[in-house]
Amino acid sequence: MPIPAAPPDPPAAKPAARAAGLAGLLTTEAIVGGLLFVLAFGLFFYLTRVVFQERSQTFDNWGFAQMDRLRAAQPWTFGAMKFITFFGSVKFFVPASLLVPLLLHRRGYGRYAVELLLSMGGGLVLNELLKFCFHRNRPSTALFYQYGLSFPSGHAMMSMAYYGCLAWLVVQHSHRWGVAAVLISFALLIGGTRVYFHVHYPTDVAAGFCGGAVWLVLLRTSIRLFWREKRELETAD
């Protein structure tokens with residue numbers, strides 16, 4: 001005797017299934033991302049108050065003093081810092097932001113390629129908007145001329161967007177937390193070079209890291225929602 005076909009889902013089933021799918025986003029990654037977003041956004045807001053309302057230079061002077069001591073005690077660090085800071089510059093990020101996604105796409109990781117492109121493109125636009133909004137000039141004590149405005153640091157923000165995105169993809173694909181930690185540490189080191197050369201205030205660099213982290217969380221959340229919705233639509237069809 002043939003088994004009768006199951007009746008179609010009632011109209012209320014689809015919204016319920018979608019709500020259940022959205023609830024499934026409350027994973028460890030989502031919770032950590034949410035905490036990171038709150039902390040980074042809160043610190044960015046605090047830095048804007050310190051710099052533009054309170055006009056405090058305590059943290060900036062302390063950061064410059066630490067780097068000045070390092071440069072005086074270890075002169076060889078100048079060349080090392082010059083080398084490291086290159087990996088947060090436009091000259092590096094323009095080709096890297098094109099070649100690495102292309103390589104990912106050719107290896108079958110098209111989604112990763114799109115995430116990295118969006119991370120860099122959106123991070124660049126956001127950084128320029130923030131610089132225009134706050135319009136802070138560069139430190140007068142810079143060791144060499146650097147074009148553009150100061151707050152937030154483009155090197156710091158774009159390094160967090162690039163290396164932070166790579167770290168996220170590494171964890172997602174292979175769960176190699178050690179590699180991710182190295183990538184994030186390298187991004188932080190690049191930010192430190194900007195203080196070392198006095199081309200950015202320490203508050204610029206801290207704000208850049210916060211801005212990059214906020215953008216990464218927003219981007220990652222949007223991508224997760226997009227791909228989940230896309231899978232649900234494909235399954236429904």
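If you check G79 against the conditions, is it on the phi > 0 side of the Ramachandran plot and more than 16 Å from the chain's Cα centre (by Cα)?
On the way: on the phi > 0 side of the Ramachandran plot: no; more than 16 Å from the chain's Cα centre (by Cα): yes.
Against the criterion (on the phi > 0 side of the Ramachandran plot and more than 16 Å from the chain's Cα centre (by Cα)), G79 does not qualify.
Residue by residue, here is whether (1) under 17 Å from the mean Cα position of the chain (by Cα); (2) touching a residue at least 12 places away in the same chain (Cβ under 8 Å); (3) closer than 20 Å to S159 by Cβ holds:
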{"residue": "A72", "(1), (2), (3)": "no, no, no"}
{"residue": "F86", "(1), (2), (3)": "no, no, yes"}
{"residue": "A96", "(1), (2), (3)": "yes, yes, yes"}
{"residue": "L102", "(1), (2), (3)": "no, no, no"}
{"residue": "R106", "(1), (2), (3)": "no, no, no"}
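Quick one: which residue in T85, T58, T77, T48 is loosely packed, with under 14 Cβ neighbours inside 10 Å, β-branched (V, I, T) and closer than 22 Å to P139 by Cα?
Working: T85 fails: loosely packed, with under 14 Cβ neighbours inside 10 Å; T77 fails: loosely packed, with under 14 Cβ neighbours inside 10 Å; T48 fails: loosely packed, with under 14 Cβ neighbours inside 10 Å.
The conditions single out T58.
Counting only residues that are surrounded by 13 or more Cβ atoms within 10 Å (Cβ to Cβ) and out of contact with any helix residue (DSSP H, G or I) (no Cβ under 6 Å at 6 or more places or on another chain), which one in segment 30-45 is modelled with the highest pLDDT? Break it down stepwise before answering.
Taking segment 30-45 and keeping what is surrounded by 13 or more Cβ atoms within 10 Å (Cβ to Cβ), we get 30, 33-34, 36-37, 39-41, 43-44.
Then keep just the ones that are out of contact with any helix residue (DSSP H, G or I) (no Cβ under 6 Å at 6 or more places or on another chain); that gives 30, 34, 39.
Working: A30: 73, G34: 83, L39: 94.
Top of the filtered list is L39.
Every residue in segment 72-113 that is over 18 Å from G191 (Cβ atoms) and basic (K, R), please.
If the condition is that a residue be over 18 Å from G191 (Cβ atoms) and basic (K, R), then R106, R107, R111 are the ones that fit.
Is segment 163-180 home to any residue that is out of contact with any strand residue (DSSP E or B) (no Cβ under 6 Å at 6 or more places or on another chain), in contact (Cβ under 8 Å) with a residue 40 or more places away in the chain and hydroxyl-bearing (S, T, Y)?
no
Starting from residues that are among the aliphatic types (A, V, I, L, M) and surrounded by 12 or more Cβ atoms within 10 Å (Cβ to Cβ), keep the ones in segment 61-70 and report whichever is nearest to G154 (Cα to Cα). Walk me through it before giving the result.
At the first step, the residues of segment 61-70 found to be among the aliphatic types (A, V, I, L, M) are 65, 67, 70.
In the following step, the residues that additionally are surrounded by 12 or more Cβ atoms within 10 Å (Cβ to Cβ) were identified as 67, 70.
On the way: M67: 19, L70: 23 Å.
Once the filter is applied, the top-ranked residue is M67.
Given G121, G154, which one is closer than 16 Å to V217 by Cα and within 20 Å of the chain's Cα centre (by Cα)? Break it down into steps so the answer makes sense when it comes.
Numbers: G154 fails: closer than 16 Å to V217 by Cα.
Step by step, each of G121, G154 is checked, and only G121 is closer than 16 Å to V217 by Cα and within 20 Å of the chain's Cα centre (by Cα).
Which numbered condition trips up R138, out of (1) surrounded by fewer than 22 Cβ atoms within 10 Å (Cβ to Cβ); (2) farther than 25 Å from V195 by Cα?
(2)
The values are calculated or read from the model by the stated rules, or taken from the named source; none is laboratory data. Computed from a prediction, not measured in an experiment: that's the story for all the values here. Ideal geometry is used to build each Cβ from the backbone, glycine not excepted, and the neighbour counts take in all protein chains shown.
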